[in-house]
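Okay, so here's the structure we're looking at.
The values are calculated or read from the model by the stated rules, or taken from the named source; none is laboratory data. Being a predicted model, the structure only gives us computed values, none of them experimental. Reconstructed Cβ throughout: ideal geometry from the backbone, glycine too, with neighbour counts over all protein chains shown. In case anyone asks, the SASA skips ligands and DNA or RNA and just uses the protein heavy atoms, side chains included. Shrake-Rupley method; radii C 1.70, N 1.55, O 1.52, S 1.80 Å.
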Amino acid sequence: KFTTAVVSWVTVGALIRYAPRIMQLPSIAETNERLKAEITQRKETERMLRESQERLHAILSGTRSIVWTTDPHGGFASHQISWERYTGQTWNEYEDFGWADAIHEEDLPELRRRWQTSLETGEKHQATFRLWHAPSKAYRACIAEAVPVRNDDGSIRDRKSTRLNSSHSS
């Protein structure tokens, strides 16, 4: 009985000491309401992201321009619908640095030099070169503009981030 009494008094002491803090904790109902609001906000953000991705896909699928994405070293980072449509290369052919096979061999050294300069300076650049056009089975002149995508700290994003936009001329 003595032990039970001591434990009871210790419990009362702890309750007196910690009761004000415990009383300040949000109720389960308040916590549930906050969680519901966060879930609603997250669902809305996910919906907006999906819509944005769908718009981007529609733009990339519908444009006559070639839009592609590389890593900072120039290797293709993801599947590129417009590149395939224009050059006839499959993803397995142009993945990483296979895209260089679609550039006229005389133009490739200058294109690579400009790319390297862009990497070193972090600035966008334009280049003119001849790109294989599968439907006509001939090279066609292209003007490309490389635009680096940056992280919050200003560094150029790695894999799957640097965008190159180009439009072709006949």
Sole miss for THR70 among (1) under 16 Å from GLU145 (Cα atoms); (2) over 16 Å from the mean Cα position of the chain (by Cα) is condition (2)
Only listed residue being modelled with pLDDT under 75 and among the charged types (D, E, K, R), chosen from ASP158, ASP153: ASP158
Condition first: farther than 30 Å from SER82 by Cβ, open to solvent by less than 100 Å² (accessible area, probe 1.4 Å) and either in contact with a strand residue (DSSP E or B) (Cβ under 8 Å, 6 or more places away or on another chain) or not charged (D, E, K, R) (or both). Can you find one or more residues in segment 38-51 that meet it? yes
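From the list THR69, THR40, THR63, THR45, which residue is touching a Lys or Arg at 6+ places or on another chain (Cβ under 6 Å) and among the hydroxyl-bearing types (Ser, Thr, Tyr)?
Matching residue, one of THR69, THR40, THR63, THR45: THR69.
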Reported set for segment 115-128 where residues are surrounded by fewer than 18 Cβ atoms within 10 Å (Cβ to Cβ) and either aliphatic (A, V, I, L, M) or over 18 Å from VAL67 (Cβ atoms) (or both) is GLN116, THR117, LEU119, GLU120, THR121, GLY122, GLU123
Using beta carbons and a limit of 8 Å, which pairs, at least six apart or on different chains, have the first residue in segment 125-146 and in contact (Cβ under 8 Å) with a residue 60 or more places away in the chain and of a type outside the set (Gly, Ala, Ser) and the second one open to solvent by 50 Å² or more (accessible area, probe 1.4 Å) and not in a strand (DSSP E or B)? CYS142/SER169
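Quick grid of which residues meet (1) open to solvent by 60 Å² or more (accessible area, probe 1.4 Å); (2) part of a loop (DSSP other than H, G, I, E, B):
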position: LEU35; (1), (2): yes, no
position: TRP68; (1), (2): no, no
position: ASP101; (1), (2): yes, no
position: GLU105; (1), (2): yes, yes
position: ARG130; (1), (2): yes, no
position: SER136; (1), (2): no, yes
Anything in segment 18-33 that is surrounded by 10 or more Cβ atoms within 10 Å (Cβ to Cβ) and modelled with pLDDT under 80? List them, or say none. TYR18, ALA19, PRO26
Can GLU84 be described as closer than 24 Å to ALA138 by Cβ, outside any loop (DSSP other than H, G, I, E, B), free of Cβ contacts under 8 Å to residues at least 12 places away in the same chain and open to solvent by less than 70 Å² (accessible area, probe 1.4 Å)? yes
Members of segment 47-83 found to be among the acidic types (Asp, Glu) and at pLDDT 85 or above, listed by number: GLU51, GLU54
